[in-house]
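Inspection log for the structure reproduced underneath, given as structure tokens.
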Amino acid sequence: MADQRNGAAKAAGGYTIDMGNFIKRLKAFYGHWKEHRADMWTGSDAIAVATPPASEDLRYLKSSALNIWLLGYEFPETIMVFTSKQIHFLCSQKKANLLETLKQSARDAVGADVVMHVKAKNDDGTAAMDEMLRVVRAQSKSDNPVLGYIAREAPEGKLLETWVERLKASSIQLGDITNGFSELFSVKDETELTCVKKAAYLTSSVMKNFVVPKLEKIIDEEVKVSHSSLMDDTEKTILEPIKVKVKLKPENVDICYPPIFQSGGEFDLKPSATSNDENLYYESTSVIICALSSRYNSYCSNVARTFLIDGNPIQSKAYEVLLKAQDAAIASLKPGNKVSAAYQAAVSVVEKEAPEFLSNLTKSAGTGIGLEFRESGLSLNAKNDRILKAGMVFNVSLGFQNLQAQTKNPKTQKFSLLLADTVIISEKSPEVLTAPCSKAVKDVSYSFNDEEEEEVRPKRKAEANSVEALPSKATLRSDHQEMSKEELRKQHQAELARQKNEETARRLAGVGSGSGDGRGHMKASWELTAYKNVNDIPQAKELVIQVDQKHEAILLPIYGSMVPFHISTVKSVNSNQDNRTCTIRIIFNVPGAPFAPAPDPNSLRNQTAIHLKEITFRSKDPRHSSEVVQLIKTLRRQVASRESEKAERATLVTQEKLQLAGGKMKPMRLPDLWIRPPFGGRGRKLPGTLEAHANGFRYSTSRPDERVDIMYGNIKHAFFQPAEKEMITLLHFHLHNHIMVGNKKTKDVQFYIEVMEVVQTLGGGRRSAMDPDEIEEEQRERERKNRINMEFQNFVNKVHDHWGQPQFKGLDLEFDQPLRELGFHGVPHKASAFIIPTPSCLVELIETPFLVITLSEIEIVNLERVGFGQKNFDMAIVFKDFKKDVLRIDSIPSTSLDSIKEWLDTTDIKYYESRLNLNWRPILKTITDDPEKFIEDGGWEFLNMEASDSDSENSEESDQGYEPSDAEPESASEEENEDSESLVESDEEEEEQDSEQDSEEEKGKTWEELEREASNADREKGDESDSEDERRRRKKVKVMGKSRLPERSLPTNAKRPKMR
């Protein structure tokens, strides 16, 4: 019955009243009236509420709020009179048709009959009014009845003016019931809180995703834009939520007041303020205040932020104090506290931190908010003694008015600050609904570089989880500035080195060196028993090879008897066919054979037994021979697969049981997804649906055996990567413990959908860029990609809301989104991939196998093959767990070196640079074997290339410990890699690319280097009688081993098998 701005009446057709809400709230209304009749309802025997006609103005009335709260719609030009036994409505015929449906519900709820008084078009309604007043007198128990009404609402329209005249002419006593309705509306139920949350989500999304980027763009491009035009653009965005990727129906959305933009020294901190036609002022030491609000189903929300442009110390201090004061006010909003506690907490912070600003503090810390933007009786001032209750909602708004900035510019001499958030009081801690729009100092402070006269946009200090940084204008910087930046990075890295060495020393001191790799032999879960006794062996009619699928055995005719062998004893089987006969050769697993696997318990138990190694049969029936061989191979593959899966499952950690969503919680679904790793089987692969339930996800296809459950408690990292330059949009889960996907054991599970279909043009010719079909096809692809990305984003948002519940607080669950602008190309496994950092990880989620590295588990990073003239370099990642192998990312373009170093530095990861690749296994073994020596020698500083260069001339080769020597990079070819394994790993592709560079460097050696190399070669060459070929081979070994860790770190008698 209401439009979204002012509640203008519409025809009753198409509207329905939610009877459940009506009954619940009518009971609450009558119960509150009965309980607090004397103190809040002025002892009223009846209550009259008159709603004025529709208006285009934004207004908040208690009468309209009651209509919406009780009936779901506003009924303009309607008079309602509530008595203990009856409810009277005076309205038009169309409204009466809808209100007639309330009769039975009102009788069931409070035992009151609904009486309709239909006002004709030309009737002034006096007869119906007199009848209602007569009923009030008749049903009152007092001789002098009291009729409660909303005194602060002036009558509008002919109907209400007539009603007020009839009230004054009657002998009935009137009482103001504003406080009663204020108390009744103050505590919101779940339905109301949901509406407030949706409104707050829209408000914060507009501020974060539209207003802030808009301001940054204006300042970056130095565009002149007026406050009023910003207001208009923001209001349009609020009324069209899809512009900020919020899926709310526009017809349910409205503004609470026109968005407010203020700058240039003129500030008004009241919601009634307006955005003037002056241009946005963003010169140095200027302040910009933005305040905006939205309503969803008539429930209000509000947010306000202040942005500092190159703020001076006074402005920065004032903002920090205001932020602390607002946080203190929010923290005091707890059930049982007085309303005044919020403002008193804010005042205490200002008195302690900056008493000189106290006189400029706003006189309240906000108001209650809901159906009305400012709920009367719930002002957060110093005198309000009402008690806070769970379910109340407040607009916590605090500011400083007219502070002095002590600048010469008249537009920045005076400034004001304002912060506002929508907060729900809960049983535990207050819930700040507009928190996604950050108000941290680093996120609202912008800085110009005016002193150096650079054309640079104000640069916001990015959050660790910021998704995208705006490009700055092109700038010429001096060498001194670059050097200063590099020096700052070096200083930070030096401090990180000190901290890292201390941390490593503490960790190694608490952990023994241990031995081995921690991998013990896993006991077999089964025994090789084909038949329990001789009687179970099937009787054969003829002596031929038979395969018993049921008992997983093969029966071989040996010396006239059928001898059974379990299929697991068979190592291989093959057949050869000549002109007349076919030969079947079966080889068995025998303990002690070369390259045999570790002995199983059966072999250890029967060490003294005689084992059959090989048996050969000849047959004149080639068809039967090939059939037998095929059956043996198939059975062997099935048993091996089953036992492998069983062994994998035996190591799994037991997961909790999935609690399916039901009742109040509806499962969140994302359909038509593919999974990686895929399910096994040879059938056609099917897409499935991902559902979010109470304590985990479930992915399932139409096949009953294809189902995967992922518990929230097992999720270590969750990623959402929308398709930008890729073909897929994906959700990826990196788990704490392995789970089984089909018959595969994995810690990484990914769900994805292809955003673009693979299309092949059959014509063969190239199509024009202006071809209408081509343009239409591209448009369809863009729309499909955007639609899929939006569906994934909405699913992620819903899951985030679910993860916000108290039971998941300790899990620290959040979907990370890769920061594409920080990405770089590299080879983490075998193929080149685009590797992207996230706030907590380094990931590559497109190519398989996936790469997920947790940043908090990294000890150090060594950037290898870094030097002049190199086209690319490698990254070696050393983990805090020294038992884990060092992870290498090879062939990273050298153009990414500076950005990677900057990223590592900002994430507080210590990195080193070296000219060569290191073989990390012996290095880590040396560290764990003698951690005290490692710490005494300076810890990780042996990797410091600058330090090792400066000390190399004075240190002997035996004293170098962990650091590589100064020799040039090897120029050996691929074939030479087979001859020796040194402590420096070689990269075949990179050696080919850099061979020319290496040869040029070889020509530039000094006489001292050549003489030292010659003497080393003479020592290693040994016996002069060796052949020339042997000398040449030794020379290759030496070249491969140059500039690497000393040979003493390997056992002198160590021999490695060579595969020829």
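The values are calculated or read from the model by the stated rules, or taken from the named source; none is laboratory data. These numbers come from a predicted model, not from an experiment. In this analysis, Cβ positions are derived from the backbone assuming ideal geometry, glycine residues included, and neighbour counts consider all displayed protein chains. Remember, those area values only see protein heavy atoms, side chains included, never the ligands or the DNA or RNA. Shrake-Rupley method; radii C 1.70, N 1.55, O 1.52, S 1.80 Å.
General remarks:
- Geometric extent, Cα atoms of the range 205-320 - Rg, Dmax (angstrom): 14.5, 46
- With DNA, RNA and ligands ignored, accessible area of I314 (1.4 Å probe; Å², nearest 10): 40 Å²
- Calculated log₁₀ intensity ratio I(q)/I(0) where the Debye formula runs over C-alpha points of the range 190-445, q = 0.07, 0.11, 0.16 Å⁻¹: -0.22, -0.55, -1.18
- Among the chymotrypsin sites (Phe, Trp or Tyr not before Pro) within the range 189-268, not one is in coil by DSSP while having at most 13 neighbouring Cβ atoms inside 10 Å.
- Computing FRET efficiency as 1/(1 + (r/R0)^6) for K550 and D108, where r is the C-beta to C-beta distance and R0 is 60 Å, gives about 0.30.
- Applying both filters, DSSP loop and at most 10 other Cβ atoms within 10 Å, to the GluC sites (Glu not before Pro) of the range 54-152 gives E56.
- Distance (nanometres) between label positions extended 7 Å along Cα→Cβ at T101 and K925: 8.1 nm
- Once the gyration tensor of the Cα atoms in the range 826-943 is diagonalised, the equivalent ellipsoid follows with semi-axes of 24, 17, 14 Å, ordered largest first.
- Rounded accessible area per residue of the range 123-178, 1.4 Å, Å²: 54 Å²
- In this simple spin-label model, placing a label point 7 Å from the Cα along the Cα-to-Cβ direction at both S626 and L358 gives a separation of 10.1 nm.
- Mean-position separation - Cα centroids, the range 127-165 and the range 546-563, in angstrom: 103 Å
- The Cβ shell under 9 Å around E691 holds other residues with a net charge of +2, Lys and Arg each +1, Asp and Glu each -1.
- Sequence of K880, K439, K245, K121 when ordered by accessible area, the most exposed leading, probe 1.4 angstrom: K121, K245, K880, K439
- A straight Cα-to-Cα reach below 17 Å connects K34 with the lysines K24, K85, K141, residues fewer than 8 places away in its own chain not being considered.
- Backbone amide hydrogens, once placed in the peptide plane, bring Q173 within less than 5 Å of L147, excluding anything fewer than 5 places away on its chain.
- Net charge, A112 excluded, C-beta distance under 12 Å - Lys, Arg +1, Asp, Glu -1: +2
- Spatial separation of Cα centroids for the range 169-186 and the range 792-844, in angstrom: 55 Å
- With contacts taken as Cα pairs under 8 Å at a separation of at least 6 residues, the range 141-245 carries a relative contact order of 25 percent.
- Accessible area of V287 (1.4 Å probe, protein heavy atoms only, ligands and nucleic acids ignored): about 10 Å².
- Flagged links, alpha-carbon separation over 22 Å, of K217/K442; K208/K439; K500/K884; K198/K785; K217/K901; K500/K880: K198/K785; K217/K901
- Orientation-averaged projected area, Cα convex hull of the range 139-259 (nm²): 12.2 nm²
- Rolling a 1.4 Å probe across the protein heavy atoms gives the range 190-445 an accessible surface of 39 Å² per residue.
- Tail beyond 27 Å, pair distance distribution of the range 1-141 (Cα, percent): 18 percent
- H802, H738, reordered so the largest accessible area comes first (probe 1.4 Å): H738, H802
- Here the extension length gained between D39 and L488 equals 154.9 nm, from 0.36 nm per residue of separation less the Cα-Cα distance.
- Accessible area in the full protein assembly, largest first, 1.4 Å probe, for R134, R295: R134, R295
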